[in-house]
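A short worksheet on the structure shown next.
The values are calculated or read from the model by the stated rules, or taken from the named source; none is laboratory data. Predicted model only: the values in this text are computed from it and were never measured. Because the Cβ atoms are built from the backbone with ideal geometry, glycine has one as well, and the counts that use them run over all protein chains shown. Protein only, heavy atoms only, side chains kept; ligands, DNA and RNA dropped before computing areas. Shrake-Rupley method; radii C 1.70, N 1.55, O 1.52, S 1.80 Å.
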Amino acid sequence: MPSIVQRQYSQLSFDALRAAGHSPLFARLYAARGIARPQQLDHALAGLLSPSLLKNAKEMARHLADAIAARKKILIVADYDADGATACAVAIRALRKFGATVDYLVPNRFEYGYGLTPEIVALAAAKSPDLLLTVDNGIASVEGVAAANASGIAVLITDHHLPGNALPDALCIVNPNQPGCEFPSKHLAGVGVIFYVMLALRAELRRRGMFCAGNPPSPPFFKGGHIGAPVDDHYHAGAAASFENGMQSSFEKGGDAQWRGDLDGGNAAANFGEAQQSIPPSPLFEKGPTRSGEGIYPMRSEPAPRSLLNDSPRKEPNLASLLDLVALGTVADVVKLDDNNRILVHHGLARIRAGRACPGIAALLRIARREARKAGCYELGFMLGPRLNAAGRLADMGIGIECLLSDSEGSASALAQQLDGLNHERRDIEAGMQETALVAVDDAQIRDSFTISLFDPGWHQGVVGIVAARIKDKLHRPTIAFARGNNGELKGSGRAIAGLHLRDALDLVAKRHPGLLLKFGGHAAAAGLTLRESDFERFSRTFEQVARGLLTAADLERVIETDGSLDDQDIYMESARALAGHIWGQGFPQPVFHDRFSVESQRVVADKHLKMKLRKLHRSTAHAAAAGTAGATTVHAPATDSIEAMLFRSNAPLPCTIDAVYRLDIYEYNGASCLQLIVEHWQDASKVVCAEAVLNAVD
């Protein structure tokens, strides 16, 4: 039986949030999620971290600006998941706005595998690019970059995955997790990284005089180099409002220095041009044209010749129009929603809810039967993300990228329909694989093991990651599922539990048994790897040994974290609406509560769900303190009127009294709205034996 624990929070943080005007409920929720200062909850774009903090962002902007000026061909190499697809769409849309000659290539995972491999370089060379730009991949592509360099093709890498022992010999790398990068948010998704590079590129093109002199730039995103930097009232009242309406706006104060510094903010603004001049000229186009048509490209202290900037000045693009894509990729990639990512997601969702999403996202919402005006992280992560990912898992992610790039409602709808069909196919494949996996896993074996490694010759390579996630969730063990690749190889995808950094664990496997892993990479919670089929059993043993050295028996016990009991006065529609309006996700989890209920009625709906009426019960003081040790037989008084509730994917009858982990939800039917509880876990209250550890607030 899982343990149910209440999230701890700092009393000091709670008090600070209460003093700032937050309700007791939200002060508790925020404090339990690490919010120590009210400013961390300010979602103004001005609170975004500055691109100047992201190592090499300015240098990469210079290389890209040189390529645009010289009309060089840029080829984007994308990853085949939702993050890679949105990152590719952001790069293509932004670069086209800047006048670049740009195309993209996305590997077929079954033929070429992950990342910029030598095979992908050979495929890319057929398009005769001058420059390769990776999005959401490349940090581990040592061999691929070497192949590109040998072919005379320069490579720019944007990625967010953890680097290996050696970095590729690329012209420039932007990755918040590379050595020496002091960017405070290490959790940018791949789409977030390329968005920051595009911000830096816009600033560089502005400095070179690419945009119309009569067209004032967008107001600054950044008034300081840190989250929660103070923003003056004039910005909020005027420029920010215009910015969010997709307009180009201006300050009534600040002057040219303010414009030049709008991506650096604060004290860095006045030094922006000087700092740029300190970067040496790009080696990419040393023989490219100058004003006289000969020699070295002019130093960056001079604006580029107008002839090199597509002949005439253009309107400065509003990059906020890309934030819907940034939000989708960030949520779908399940990166931590830290302060910076929450700002990006907040504004992306605002655009979607306002009906200003790109046609592809709008079409995906329609095919998923979701209203754009009510879209949240759930829709992005569980409705849109899987449909995009289905293309990369089963077919060609080019379908997903084209959907996101389409400016035609009809074309986007047709592509969204294809993605929806692929997602249905993926579900069918997954169901069969999961059934096979559960049969293969013996409960007695699991009790004695720290890990699960699974392989079946009939499994689909594109779906093993989902199966690994399902088995991990069900059995609470680090799980890696494998399918057959090419040339006697297995392709594996793994998911970890708290306490095990999966990428680091695989690194230990590789170091202890050189040659066992042909490739690997990933994050703490998820990773991919390739090995020989003949080495599967040896890998399983080694992975188990490594995990035993990193985990304890206590780590293998499932723990459900909740936000404790919900006060009676908070079990209302207003609370549900307030909760629905916030950004919740990985690292900033959606609030769930834990209370005791009497089950007043229950019936099965759609053959697989349970619809109930519950009545919350007051717990005795002794029970609240002991969390069920001696209080399981205590008589409880009703605390609320009966409340509608749903338990999904379960139709077994419930006992008359349950301890439930639940969240508030709004149910809409025939134009009417009502409150309902979504039960995520329950235990028979009469059999609860010290399953919950109630923790007091701590300083």
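Scoring SER642 on the criteria (1) open to solvent by less than 50 Å² (accessible area, probe 1.4 Å); (2) in contact with an Asp or Glu (Cβ under 7 Å, 6 or more places away or on another chain); (3) modelled with pLDDT under 95; (4) at negative phi leaves a single failure, condition (1). Could you please let me know if ASN149 is of a type outside the set (A, V, I, L, M), more than 23 Å from GLY47 (Cβ to Cβ), surrounded by fewer than 19 Cβ atoms within 10 Å (Cβ to Cβ) and at pLDDT 95 or above? Answer is yes for this residue.
Looking at ARG393, is it buried (at least 17 other Cβ atoms within 10 Å of the Cβ), within 22 Å of GLY581 (Cβ to Cβ) and among the basic types (Lys, Arg)?
On the way: buried (at least 17 other Cβ atoms within 10 Å of the Cβ): yes; within 22 Å of GLY581 (Cβ to Cβ): no; among the basic types (Lys, Arg): yes.
Here the answer is no, as ARG393 does not meet what is asked.
Inspect all residues belonging to segment 575-583 and state whether any of them is touching an Asp or Glu at 6+ places or on another chain (Cβ under 8 Å) and in a strand (DSSP E or B). Scanning segment 575-583, I find no residue that is touching an Asp or Glu at 6+ places or on another chain (Cβ under 8 Å) and in a strand (DSSP E or B), so the answer is no. Applying a threshold of 6 Å to beta carbon distances and a minimum spacing of six or more residues, or different chains, the list of pairs starting in segment 609-627 at a residue that is closer than 18 Å to TRP682 by Cα and ending at one that is modelled with pLDDT under 50 reads HIS623/GLY631; HIS623/THR634; ALA627/GLU692; ALA627/VAL694. If only residues of segment 497-526 that are under 21 Å from GLN586 (Cα atoms), at pLDDT 95 or above and of a type in the set (A, V, I, L, M) are counted, the one that is surrounded by the fewest Cβ atoms within 10 Å (Cβ to Cβ) is LEU500. Residue check, GLY138 against (1) modelled with pLDDT of 95 or more; (2) farther than 20 Å from GLY522 by Cα, all met but one. Which one? For GLY138, the failing item is (2). Among the residues making up segment 536-554, a single one is crowded, with 18+ Cβ neighbours inside 10 Å and either outside any helix (DSSP H, G or I) or charged (D, E, K, R) (or both): LEU551. From the set of residues in segment 555-571 that are in a loop (DSSP other than H, G, I, E, B) and open to solvent by 20 Å² or more (accessible area, probe 1.4 Å), which is farthest from GLU668 (Cα to Cα)? Applying the filter and picking the extreme gives GLU557. Residue count for segment 595-604, restricted to those that are open to solvent by 30 Å² or more (accessible area, probe 1.4 Å) and either over 36 Å from the mean Cα position of the chain (by Cα) or at pLDDT below 95 (or both): 4. With respect to the conditions (1) in a helix (DSSP H, G or I); (2) at pLDDT below 95; (3) open to solvent by 40 Å² or more (accessible area, probe 1.4 Å), HIS623 lacks only one, and its number is (3). GLY355 meets all of the listed conditions (1) at pLDDT 95 or above; (2) small (Gly, Ala, Ser); (3) assigned to a helix (DSSP H, G or I) but one, namely (3).
With respect to being over 22 Å from the mean Cα position of the chain (by Cα), under 26 Å from VAL559 (Cα atoms), β-branched (Val, Ile, Thr) and surrounded by 15 or more Cβ atoms within 10 Å (Cβ to Cβ), THR451 fits the description. Residue under question is LEU54, and the condition is that it be closer than 22 Å to SER406 by Cβ and of a type outside the set (Lys, Arg); does it hold? Considered against the rule, which asks whether it is closer than 22 Å to SER406 by Cβ and of a type outside the set (Lys, Arg), LEU54 comes out as no.
Would segment 46-58 turn up any residue that is surrounded by fewer than 24 Cβ atoms within 10 Å (Cβ to Cβ) and free of Cβ contacts under 8 Å to residues at least 12 places away in the same chain? No, there is no match, as no residue in segment 46-58 is surrounded by fewer than 24 Cβ atoms within 10 Å (Cβ to Cβ) and free of Cβ contacts under 8 Å to residues at least 12 places away in the same chain. Screening segment 666-684 for residues that are among the hydroxyl-bearing types (Ser, Thr, Tyr) and within 31 Å of the chain's Cα centre (by Cα) and picking the one that is surrounded by the most Cβ atoms within 10 Å (Cβ to Cβ) gives TYR667.
Residues being open to solvent by 20 Å² or more (accessible area, probe 1.4 Å) and either touching a strand residue (DSSP E or B) at 6+ places or on another chain (Cβ under 9 Å) or closer than 21 Å to HIS43 by Cα (or both): count how many of those fall in segment 572-583. Reasoning before the result, please.
Pass one, segment 572-583, residues open to solvent by 20 Å² or more (accessible area, probe 1.4 Å): 572-574, 577-578, 580-582.
From the residues that got through so far, the ones that are either touching a strand residue (DSSP E or B) at 6+ places or on another chain (Cβ under 9 Å) or closer than 21 Å to HIS43 by Cα (or both) too are 572-573, 577-578, 580-582.
Residues in segment 572-583 being open to solvent by 20 Å² or more (accessible area, probe 1.4 Å) and either touching a strand residue (DSSP E or B) at 6+ places or on another chain (Cβ under 9 Å) or closer than 21 Å to HIS43 by Cα (or both): 7 in total.
Does LEU64 satisfy the criteria of being farther than 30 Å from SER575 by Cα, in contact with a helix residue (DSSP H, G or I) (Cβ under 7 Å, 6 or more places away or on another chain) and surrounded by 22 or more Cβ atoms within 10 Å (Cβ to Cβ)? Yes. A Cβ distance below 9 Å, combined with a sequence gap of six or more or placement on separate chains, defines the contacts here; from segment 1-28, residues that are touching a residue at least 60 places away in the same chain (Cβ under 8 Å) and over 28 Å from ILE658 (Cβ atoms) reach no residue that is among the polar types (S, T, N, Q) and not in a loop (DSSP other than H, G, I, E, B). Scan segment 178-188 and give yes if some residue there is of a type outside the set (Ser, Thr, Tyr), without any contact (Cβ under 8 Å) to a residue 24 or more places away in the chain, open to solvent by 10 Å² or more (accessible area, probe 1.4 Å) and closer than 13 Å to LEU54 by Cα, otherwise no. For segment 178-188, residues of a type outside the set (Ser, Thr, Tyr), without any contact (Cβ under 8 Å) to a residue 24 or more places away in the chain, open to solvent by 10 Å² or more (accessible area, probe 1.4 Å) and closer than 13 Å to LEU54 by Cα: present.
If you check ASN149, ASN137 for being more than 20 Å from MET397 (Cα to Cα) and not β-branched (Val, Ile, Thr), only one passes: ASN149. One residue stands out among those in segment 89-109 that are at pLDDT 95 or above and of a type in the set (Val, Ile, Thr): the one that is farthest from LEU123 (Cα to Cα), which is VAL90.
Residue-by-condition table, conditions (1) modelled with pLDDT of 95 or more; (2) not aromatic (Phe, Trp, Tyr):
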| site | (1), (2) |
| --- | --- |
| LYS374 | no, yes |
| LEU388 | yes, yes |
| ILE401 | yes, yes |
| SER408 | yes, yes |
| LEU419 | yes, yes |
| HIS424 | yes, yes |
| LEU438 | no, yes |
| THR451 | yes, yes |
| TRP459 | yes, no |
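Consider segment 32-42 and keep the residues that are touching a residue at least 40 places away in the same chain (Cβ under 8 Å) and open to solvent by less than 40 Å² (accessible area, probe 1.4 Å). The one that is nearest to VAL193 (Cα to Cα) is GLN40.
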